[in-house]
1. Would you pick out the residues in the stretch A:18-63 that are among the polar types (S, T, N, Q), within 13 Å of DNA strand C (Cβ to nearest atom) and under 23 Å from B:ALA107 (Cβ atoms)?
2. Please report, ordered by residue number, the helices (runs of 4 or more DSSP H) entirely within the stretch B:33-102 with at least 3 residues that are within 16 Å of DNA strand D (Cβ to nearest atom), away from chain A (no Cβ under 14 Å) and open to solvent by 50 Å² or more (accessible area, probe 1.4 Å).
3. Just to be sure, is A:ARG94 in contact with a helix residue (DSSP H, G or I) (Cβ under 8 Å, 6 or more places away or on another chain), modelled with pLDDT under 95 and under 30 Å from A:MET52 (Cα atoms)?
4. Report yes if some residue within the stretch B:2-17 is within 12 Å of DNA strand C (Cβ to nearest atom) and within 20 Å of B:ALA120 (Cβ to Cβ); otherwise report no.
5. Of the conditions (1) open to solvent by 50 Å² or more (accessible area, probe 1.4 Å); (2) at pLDDT below 95; (3) away from DNA strand D (no atom under 16 Å from the Cβ); (4) farther than 27 Å from A:ASP106 by Cα, B:ALA2 satisfies every one except a single condition; which number is it?
6. Quick check on the stretch A:5-22: of everything there that is open to solvent by 50 Å² or more (accessible area, probe 1.4 Å) and within 13 Å of DNA strand D (Cβ to nearest atom), which residue is farthest from the other protein chains (Cβ to nearest Cβ)?
7. What about B:ALA73, is it at pLDDT below 95 and among the hydrophobic types (A, V, I, L, M, F, W, C)?
8. Report, by residue number, each residue of the stretch B:36-61 that is closer than 17 Å to B:ARG122 by Cα and either of a type in the set (Ser, Thr, Tyr) or without any contact (Cβ under 8 Å) to a residue 24 or more places away in the chain (or both).
Protein chains: 2
Amino acid sequence: MARMNPDLRRESIVAATLSVMQRHGIAATTVRDVAAELGTSSGLIHHYVTSMDELITEAFERAATEDLERAAAAIDSGSEPIDRLSRFFESYTRADDDSGMQLWLDAWAEAARRPALQQASRRLNEDWQRLLCTLIQDGCARGVMSSEDPEGAAWRLLSLLDGLTLQCVAHGDTVTREQVMIWSHRAAEMELGLPHGTLT
Amino acid sequence: MARMNPDLRRESIVAATLSVMQRHGIAATTVRDVAAELGTSSGLIHHYVTSMDELITEAFERAATEDLERAAAAIDSGSEPIDRLSRFFESYTRADDDSGMQLWLDAWAEAARRPALQQASRRLNEDWQRLLCTLIQDGCARGVMSSEDPEGAAWRLLSLLDGLTLQCVAHGDTVTREQVMIWSHRAAEMELGLPHGTLT
DNA sequence: GGAGTTATTGGACAGTTGCGCAATAGTGAT
DNA sequence: ATCACTATTGCGCAACTGTCCAATAACTCC
């Protein structure tokens with residue numbers, strides 16, 4: 001394989017790892033699979049990464065961070081709190097993308113066995129909660145939302161969303177994507193004192 | 001090891017598999033672990049079971065079914081709908097002790113890649129939903145609860161519970177067990193038109 | 001050009017996995 | 001007591017895993 005700039009190479013290794021993870025799942029991602037995906041030898045991976053656990057954690061972290069940043073950007077393109085909330089839901093439940101949620105399912109399951117992954121998963125979950133929480137606090141400060149407990153409200157809405165989406169992704173159609181959207185909108189309206197139908 | 005009645009032996013193998021699964025998770029359950037748990041040779045397992053996949057699926061199915069039956073029994077020991085609902089929450093969050101929930105996390109993650117496991121996981125999830133749904137419908141029929149959509153209400157409450165408990169089990173204490181209890185009680189009260197504080 | 005650096009290779013290693021199979025040893029019937 | 005039956009053994013096998021390492025080859029600088 002052609003010699004490559006170390007930074008780019010590391011980048012490409014993480015990217016290859018991510019795509020293997022999405023195809024086979026975190027538990028079934030091996031050094032050799034990553035090397036094959038990359039078209040290099042397996043030894044190369046350990047020249048850039050000290051352990052497989054570290055690599056998997058980094059790949060997950062990267063994917064989840066990108067999702068989070070994409071959501072934050074989508075939210076920031078709206079100015080009104082209600083609009084921003086709407087954008088939050090929209091970016092959280094991307095209908096075309098099962099792989100994102102599947103990655104989270106893998107991460108939650110593997111967290112018990114991989115301390116590094118657990119730490120990353122936990123941190124990113126908290127980041128999502130914080131994103132929603134500040135959005136709610138902003139809405140309250142501007143007087144268009146009301147909540148006695150924005151922290152808790154964020155956890156409740158996020159958990160409802162996770163629990164519902166989980167059914168979609170893991171079981172096919174026990175719960176439909178449309179129901180996830182409608183029900184989480186309704187929950188947010190009740191939780192934040194919004195008139196029914198406020199969220200599209 | 002003493003010779004044993006084939007039916008009992010098969011039973012004991014599934015039971016041993018289950019306890020290993022609860023301790024180490026689905027992905028980390030091996031033939032040799034099960035044999036060690038049982039105190040027999042590893043070869044014996046394959047004398048009763050054609051593949052490891054089959055054994056794991058069967059053990060998961062058994063575990064979840066037992067949890068479900070335990071919950072149903074706990075509910076049936078109450079007569080008033082509110083009391084029965086209270087018992088439902090109690091048995092659901094206790095089943096999530098830790099080991100039980102880890103099993104579900106593993107199952108949800110693996111479901112997309114293992115059809116047999118997906119089928120079992122899906123069926124059991126739907127059973128839980130049905131249990132809660134009939135409980136709600138009963139409460140409505142007796143005039144102590146109100147819901148326009150018992151089916152959906154059951155999915156929403158269950159998913160909230162799953163999402164919250166998931167945080168407890170996967171991440172330690174992002175959300176505490178007490179919060180799970182309080183928040184899901186509150187959600188049920190709002191969802192079913194019960195006065196605040198109705199559920200203990 | 002040649003020399004030094006280092007990205008890359010491909011295989012060795014010790015560990016694990018699910019599974020198969022000949023041999024052994026209980027068990028009940030005759 | 002001898003038989004057929006089969007539960008049980010424990011090892012062997014091939015395939016896989018993460019990790020490591022000497023050899024190689026590509027690149028930069030002089």
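1. If the condition is that a residue be among the polar types (S, T, N, Q), within 13 Å of DNA strand C (Cβ to nearest atom) and under 23 Å from B:ALA107 (Cβ atoms), then A:THR30 is the only one that fits.
2. Qualifying helices (runs of 4 or more DSSP H): B:42-48.
3. Values: in contact with a helix residue (DSSP H, G or I) (Cβ under 8 Å, 6 or more places away or on another chain): yes; modelled with pLDDT under 95: yes; under 30 Å from A:MET52 (Cα atoms): yes.
Yes.
4. Yes, some residue in the stretch B:2-17 is within 12 Å of DNA strand C (Cβ to nearest atom) and within 20 Å of B:ALA120 (Cβ to Cβ).
5. Just one mismatch for B:ALA2, condition (3).
6. Restricting to residues being open to solvent by 50 Å² or more (accessible area, probe 1.4 Å) and within 13 Å of DNA strand D (Cβ to nearest atom), the top hit is A:ASN5.
7. Criteria not met by B:ALA73.
8. B:THR57
The values are calculated or read from the model by the stated rules, or taken from the named source; none is laboratory data. In this text the structure is predicted, and so the values were computed from the model without any measurement. Positions of Cβ are backbone-derived with ideal geometry, glycine not excepted, and every protein chain shown enters the neighbour counts. Ligands, DNA and RNA are excluded from the accessible area calculation, which covers all protein heavy atoms including side chains. Shrake-Rupley method; radii C 1.70, N 1.55, O 1.52, S 1.80 Å.
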